[in-house]
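A.B. asks: Mind looking over this structure? Questions follow.
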Amino acid sequence: MVQTGSRRSGFQSLLRAFDLIFQDFQPIAAIATTPIGANQLLKFAQIDGITLWLPNSLLSNSPALNAQWSVFHTYTGSLKNHLATLWNTHRSLVFCLATGAVVRLIAPLLEDKASDPAVVVIDETGQFVLSLCGGHQAGADQLARLIALQLGATPVLTGSANRAALPGIDVLGVPFGWQKGEGDWTGVSAAIARHAPVQIIQEAGSTLWQKHLPDGHPFQFPATGNRQPATGNPESPQARVWITPFTQLPTSPRPQALTPSHPIPEACWHPRVLWVGIGCERGTSKTLIQQAVQQVFQAHHLSQRAIAGVATIDLKADEMGLVEFCHEHHWPLRCFPAEALRTVPVPNPSAIVEAEVGTPSVAEAAALLGATQVSALDAQSEQPAEVSLPVPKHIIRQAGEAGAVTIAVAQAQQEYTGRTGKLWLVGIGPGQLDQITPAVQTAIAQADAVIGYSLYIDLVKPLLRPGQIVEALPITQERQRAERAIALADWGLAVAVISSGDCGIYGMAGLVLEQLHIQGWDGHTPEVQVFPGITALQAAASRVGAPLMHDFCAISLSDLLTPWEVIEKRLIAAAQADFVVALYNPKSQTRTHQIETAQQIFLKYRDRKTPVAIVRSAYRPDEQVTITTLAEFLQFPIDMLTLVLIGNQSSRTHTRWVITPRGYLGFDAE
Ligand code: SAH
């Protein structure tokens, strides 16, 4: 049965774009106490995972708002008491209220920046969006930016990382699924705020972020083997950040080589690179598995926060204790058949194990295989993925606990992000910021990575934020751009792929979806969202009036991927059928005859005086608009930045305007 969407369901699916963009901030509670404030909040009603709150008294006294009743939730009693119930259950709180009032309301609830929600304040006129609290870790700065883009408001961000145009050190690893470890995060952040040199020692995880730092950043990256740079000179680091699977800091013993010699604030991130290979006897308890892992990690100074997942033999896929252990920690359990495990060379094979399960190693081989799973990113890299086995197998039993556990730990080259990637296919319109839809602006601002042709990346520069991975590729490498975007999304990032105009009209949306189709995409992972943009034919038409008022079509004259005979057939059909025609890709340096043939075809069916508009670089600083006729238009410069619009038999010009009447009965009065 085909279901025709009700207004409500159509509305919801239309606005799903916002759901994905705001996902990292949900659940969100938004609160207003005045009718004006409530009106501002109405603009966010469509975001899934947001609840809008008003005092009951306001709703009952305001008939206009009452009409929107279904959108709002109401509370009775004081906002102070109500807020206490929202505080621990929401990731973000958005107030449309005086900042002073908000400060007083949240003051008794504030505990710790690691656990407090993001607090954002919108002024009642909707001109400013203030990130009040939880700027970095809770994401209030970014939420304020996104809300400001929706409202056309100015975000007010006062954190020091914004001044330095740097990614916040305490959120740096979030896109890659890194876990925040121990350390003096406040001290490290303070050093960065002073723009003091900060040493980064990265022993694991992706270094992609390092390539996208702004000029003049304060980070020092000591060469491998040179971990302790000279101290006491102005260049000596004032703080240190470890990016490592090891536990850190003087409180926990670490290998001698990694012991810092200089008492400066330190903190560490743990990329999830460790795969724990586990073999166990049938019926081994979760407690024993848990204790065994803890024991092994402590003994080797490894952090459990660096665990990517657990690997074992497929016979253990239903082993209760193991399944529960993984479930509790949200770790994936990768199971391999004996035939796969037996092919892995291991340091400690066992004939007994081989006799029992058909492979001489479970723990070591599974750990290594788990860590070797080649991701699309590894596949793109020229280096083969390196896997090491920092912990060979240990067998652990314990009095009073059933069973026995064998544990080995392998380290993958690439971290497991544990995130579902997203591909946001966006069209940025013809080339001026205010021609980009707010939804696209928000998607670009929120993406972890932005990929596009360098000219388009330049156009959206004001929307980019510190810490984003921005990859500009030459115009010719469209397929590579699509593959790269998919690889980054497969890895877990939210990737915005930029096209000019509309991304689905001779743009990247088709390429990315085609490529996903070839790769056997399941339609869900990565999540795909297509965001429309103003295409060149609309942009060009708007510069000359209303040439598209009647039926029209778009034809690309590029015969690089389409045989010329097909294009010619369409030109003839469009000319015969009297469509207004927009010619995309009309002429390049090497492709010059196509536009001439197009003119000859149209001259057969239309008057020589038919209006033709030649629009070059619409809405860009070097825009040129020419209005001419079918007989004469080839006298004017035409290139790949140009769109040619050919009117129908009733199109006409009036001073510098082209008008196509609504019908064929001549201009009517309405
Ligand atoms: N996805 C784009 C089209 C890409 S094909 C869109 O929807 O607009 C590239 C062609 O689009 C160019 O050769 C030119 O014909 C046209 N084009 C793109 N931007 C343009 C602009 N700002 N002004 C005029 N033509 C433009």
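A.B. asks: Does Ala539 fit the bill of being away from the ligand (no atom under 16 Å from the Cβ) and touching a strand residue (DSSP E or B) at 6+ places or on another chain (Cβ under 8 Å)?
C.D. replies: So Ala539 fails the test.
A.B. asks: Separate question: Quick check on Glu632: is it within 23 Å of Ser558 (Cα to Cα), near the ligand (Cβ under 10 Å from one of its atoms) and either free of Cβ contacts under 8 Å to residues at least 24 places away in the same chain or surrounded by fewer than 19 Cβ atoms within 10 Å (Cβ to Cβ) (or both)?
C.D. replies: No, not satisfied.
A.B. asks: Which condition breaks for Glu527 when tested against (1) surrounded by 21 or more Cβ atoms within 10 Å (Cβ to Cβ); (2) assigned by TED's automatic domain parsing to the domain that holds Tyr506; (3) of a type outside the set (Lys, Arg)?
C.D. replies: (1)
A.B. asks: Restricting to the range 75-90, count the residues that are in contact with a Phe, Trp or Tyr (Cβ under 7 Å, 6 or more places away or on another chain) and without any contact (Cβ under 8 Å) to a residue 24 or more places away in the chain.
C.D. replies: Number of matching residues: 1.
A.B. asks: Taking Leu634 as meeting all but one of (1) more than 37 Å from the chain's Cα centre (by Cα); (2) hydrophobic (A, V, I, L, M, F, W, C); (3) under 25 Å from Asp502 (Cα atoms), write down the number of the exception.
C.D. replies: Only one criterion is unmet by Leu634, namely (3).
A.B. asks: Same structure again: From the residues in the range 555-571 that are among the aliphatic types (A, V, I, L, M) and more than 9 Å from the ligand (Cβ to nearest atom), which one is nearest to Asp490 (Cα to Cα)?
C.D. replies: Among them, the one singled out is Leu561.
A.B. asks: In the range 454-536, which strands (runs of 3 or more DSSP E) lie fully inside it and hold 2 or more residues that are away from the ligand (no atom under 13 Å from the Cβ) and closer than 16 Å to Gly427 by Cβ?
C.D. replies: 494-499, 527-531
A.B. asks: A further question follows. Any residue in the range 121-143 that is among the aromatic types (Phe, Trp, Tyr) sitting within a Cβ distance under 9 Å of a residue that is surrounded by 23 or more Cβ atoms within 10 Å (Cβ to Cβ)? List the pairs, counting only those 6 or more apart or interchain.
C.D. replies: Phe128/Val121; Phe128/Ile122; Phe128/Ala148
A.B. asks: Something else: Starting from residues that are away from the ligand (no atom under 16 Å from the Cβ) and assigned to a strand (DSSP E or B), keep the ones in the range 637-666 and report whichever is surrounded by the most Cβ atoms within 10 Å (Cβ to Cβ).
C.D. replies: Residue satisfying both the conditions and the ranking: Thr653.
A.B. asks: Under 6 Å by Cβ, and 6 or more places apart or on different chains, what pairs join a residue from the range 496-508 that is over 18 Å from Ala540 (Cα atoms) with one that is within 7 Å of the ligand (Cβ to nearest atom)?
C.D. replies: Met508/Ser499
A.B. asks: Can you tell me which residues in the range 214-233 are at pLDDT 55 or above and not small (Gly, Ala, Ser)?
C.D. replies: Correct list: Pro214, Asp215, His217, Pro218, Phe219, Gln220, Phe221, Pro222, Thr224.
A.B. asks: Only one residue in Val625, Val581 is buried (at least 18 other Cβ atoms within 10 Å of the Cβ) and within 16 Å of the ligand (Cβ to nearest atom), so which one is that?
C.D. replies: Val581
The values are calculated or read from the model by the stated rules, or taken from the named source; none is laboratory data. Just so we're clear, the structure is a prediction, and the values are computed from it rather than from any experiment. We place every Cβ from the backbone using ideal geometry, glycine too, and count neighbours over all the protein chains shown.
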